[in-house]
Amino acid sequence: MDPKFPPELERKILELTSALHPRSMPKLLLVAQRVKTWIQPLLYRVLSIAASDPGLEHTGDNVVPILRHPFADIERLLAFASTPESSSLRENVSHLRFPSSCLPRHVTQLLSACPAAIDVVLPMHTLPGNILTLLQPLPLQRLVVYWRRLFPIEAARQMLSSCAKFTHLTHLEIRDWREHDEPLTGWQGLALIPKLTHIYFHELDWMISVIMLCLQHCKLLEALVIACSTPSHIEMTQKRLESSLPGDPLFLVLPSQPPACARDGEDFWAAADRHVKKRRSGATNDYVAGLENYDSLTFE
């Protein structure tokens, strides 16, 4: 198809169309070679995989990619990853999000196929045995993970040597928390991640000692977020922060699924940064951020 607009304008129009209507991208690839060149990197930028049937959540066999790519099921995606055309994955996937039902072997195959990933979400309780070997070569900047699955209690020595190798990691969301009788040594690796600036915890009470560890040793720390699952949880957490860690501008509270966590736009870390800036400037003393539309929020 011959262009009817200047190439710069045509590209801008198509990229905007892709951003507004991501499911249209597979069809746009068929328009012309120049369009494919522009749109294909956008198509594979976010590889988000979701379980298609909650009733099969624990089988790992019925997962489908959504939003950003044309594959119908996980097996087709894995088959594509082993073809010469898989350079689309190798070169363009920046954000890789797995479902909690994903099998360890699928995690291994996809992480190996996406060496440019800077943002990885691993919400599953069972990780591949070689997960550190898979993650450390990546230019990883953001990670969501269960800390105890990444570093079991019995692997404390390995944790201390491994954390320092995450040389690009700046944003870390930890889905689990310290048990009340668990030694603090199991969390000391956080202090060894050299560029860590943002941490997101899902529990406060059992994590106070870990939080103090981070405040003392993570010298680049800019924001520390506590996730809350209900409005009453938010209120309780705010009171706990005010009594235990009063006045520290790094702390803020967000819903467990913040409204600003957009899949195709600004994520919740941007909302966190804006709120920390307000707290530092004295514009607000409120720990709670991103709740302008509080009444319309949906909590887990």
Looking only at residues that are without any contact (Cβ under 8 Å) to a residue 40 or more places away in the chain and in a loop (DSSP other than H, G, I, E, B) in segment 171-185, which one is surrounded by the fewest Cβ atoms within 10 Å (Cβ to Cβ)?
ASP181
Per-region count, segment 219-235, residues surrounded by 16 or more Cβ atoms within 10 Å (Cβ to Cβ) and outside any loop (DSSP other than H, G, I, E, B):
8
How many residues of segment 1-26 are basic (Lys, Arg) and closer than 18 Å to ASN92 by Cβ? The answer is 2
Within segment 259-284, track down each residue that is out of contact with any Lys or Arg (no Cβ under 7 Å at 6 or more places or on another chain), modelled with pLDDT of 75 or more and outside any helix (DSSP H, G or I).
GLY282, ALA283
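Suppose we filter GLN216, GLN141, GLN188, GLN238 for residues that are at pLDDT 85 or above, over 21 Å from the mean Cα position of the chain (by Cα), surrounded by 14 or more Cβ atoms within 10 Å (Cβ to Cβ) and among the polar types (S, T, N, Q); which single one remains?
Every option except GLN188 fails the conditions.
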So for segment 150-163 (the condition being in a loop (DSSP other than H, G, I, E, B), within 24 Å of PRO104 (Cα to Cα) and without any contact (Cβ under 8 Å) to a residue 40 or more places away in the chain), does at least one residue qualify?
yes
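Looking for whichever is closer than 27 Å to ALA271 by Cβ and among the polar types (S, T, N, Q) here; the options are THR167, THR185. Which one fits?
Selected residue: THR167, the only one of THR167, THR185 that is closer than 27 Å to ALA271 by Cβ and among the polar types (S, T, N, Q).
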Residue count for segment 219-235, restricted to those that are β-branched (Val, Ile, Thr) and modelled with pLDDT under 75
1
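The values are calculated or read from the model by the stated rules, or taken from the named source; none is laboratory data. A quick note: this is a predicted structure, and the numbers were derived from the prediction, not measured. In this analysis, Cβ positions are derived from the backbone assuming ideal geometry, glycine residues included, and neighbour counts consider all displayed protein chains.
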